[in-house]
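Peer 1: Before anything else, here's the structure in question.
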Amino acid sequence: MNRRLKGNVPIRRDRRVPERASDRGGRFAGEQPGLRVAPSCVGDAVRAAECGPGVGRRLPRRRVTCTGQAGVLGVLPGIIGMLQAIEAIKLIVGIGEPLIGRLLHFDALKVTFRELKLRRDPQCPVCGENPTIFAPIDYDQFCGTQDDANVPGISVQELKRKMDAREAFELIDVREPFEFEIARIDGAKLIPLGEVAERADELHRAQTFVIHCHSGRRSAEAVRLLKQRGFANVYNLEGGIDAWSDFIDPTVPKY
């Protein structure tokens, strides 16, 4: 990429399961102490552009994506992985000074390391004197990755049948313009998710709409927005353009 990302980007939430506060000072199971890095997910940078800057800012529900879909800065996990391996060897062999009680920060854009010393917070709900959190939240529910019965959907096979039968409907693509340039379904109209609410008046409420994105998550959110504005015949394309490429048209690039 020739273009540098400007501003701060949200830190990804750690999905590792926390142990009880009495065990290992409340650190996450399987985590090497002090080793954290953010961001490695390119999708976080994309969401930062949509949601505004702010390190540590929580992403809106239902707009969190996975690294398999959004991609990562390839070398970064390798660098951090080597550091984690070194820490594991030090702890097993009993040599050196492990990063216990310290936080190592790596800035890949500047290739600099910083070390932060952490003090235990007695009020911490995980590792404090009176812990109240002993298990992670339901991330599927928080991120909106579970199927929503309130969002009607159709399969890519049904969409293909509608196209072949020349049924009256409009296909709306709610991905970002750069994604639209990479791959698209013929006949789709581009209205990025962030513009759906303000551009809803461009659409006729009596018409039937099929909404799609990359995997079906953003389009599900668009379906909810349109239904809130009085659109009755609006459907989410299950699996998005990714499923279209897998099952209908393999010439559509995958990304």
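Peer 1: If you take the residues of the stretch 177-197 that are part of a loop (DSSP other than H, G, I, E, B) and not hydrophobic (A, V, I, L, M, F, W, C), which of them is nearest to the chain's Cα centre (by Cα)?
Peer 2: P192
Peer 1: Being in contact with a strand residue (DSSP E or B) (Cβ under 8 Å, 6 or more places away or on another chain), surrounded by 16 or more Cβ atoms within 10 Å (Cβ to Cβ) and more than 25 Å from P253 (Cα to Cα) is true for just one of F209, F231. Which residue is that?
Peer 2: Going through F209, F231 in turn, the sole match is F231.
Peer 1: Does the stretch 200-255 hold any residues that are over 16 Å from L159 (Cα atoms) and in contact with a Lys or Arg (Cβ under 6 Å, 6 or more places away or on another chain), and which are they?
Peer 2: Scanning the stretch 200-255 gives A200, E221, G230, F231.
Peer 1: Quick one: what pairs do we get from the stretch 105-126, first residue more than 28 Å from L73 (Cα to Cα) and in contact (Cβ under 8 Å) with a residue 40 or more places away in the chain, second loosely packed, with under 10 Cβ neighbours inside 10 Å and polar (S, T, N, Q), C-beta under 9 Å, 6+ apart or different chains?
Peer 2: Correct list of pairs: V126/T132.
Peer 1: Sticking with this structure for a sec: Going by the conditions given, is R175 at pLDDT below 95 and under 18 Å from V151 (Cβ atoms)?
Peer 2: no
Peer 1: Still on this structure, I have one more. When the residues of the stretch 214-249 are filtered to those that are farther than 23 Å from R161 by Cβ and assigned to a loop (DSSP other than H, G, I, E, B), which remaining residue is nearest to the chain's Cα centre (by Cα)?
Peer 2: R229
Peer 1: Would you tally the residues in the stretch 117-126 being closer than 15 Å to R102 by Cα and surrounded by 10 or more Cβ atoms within 10 Å (Cβ to Cβ)?
Peer 2: Result for the stretch 117-126: 3.
Peer 1: Moving to a separate point now. In the stretch 216-255, what residues are closer than 25 Å to E198 by Cα and of a type in the set (S, T, N, Q)?
Peer 2: S219, Q228, N233, N236
Peer 1: Please tell me if Q141 is modelled with pLDDT under 95, touching an Asp or Glu at 6+ places or on another chain (Cβ under 9 Å) and within 30 Å of P125 (Cβ to Cβ).
Peer 2: No: the conditions fail for Q141.
Peer 1: Moving on. Within the stretch 198-213, is even one residue assigned to a helix (DSSP H, G or I) and in contact (Cβ under 8 Å) with a residue 40 or more places away in the chain?
Peer 2: Within the stretch 198-213, none of the residues are assigned to a helix (DSSP H, G or I) and in contact (Cβ under 8 Å) with a residue 40 or more places away in the chain.
Peer 1: Tell me, please, whether a residue that is in contact (Cβ under 8 Å) with a residue 60 or more places away in the chain and either over 30 Å from P125 (Cα atoms) or not in a loop (DSSP other than H, G, I, E, B) (or both) can be found in the stretch 159-167.
Peer 2: Looking through the stretch 159-167, at least one residue is in contact (Cβ under 8 Å) with a residue 60 or more places away in the chain and either over 30 Å from P125 (Cα atoms) or not in a loop (DSSP other than H, G, I, E, B) (or both).
The values are calculated or read from the model by the stated rules, or taken from the named source; none is laboratory data. Worth saying up front: this structure is predicted, and the values here are computed from it rather than measured. Heads up, the Cβs are rebuilt from the backbone with ideal geometry, glycines too, and the neighbour counts pull from every protein chain shown.
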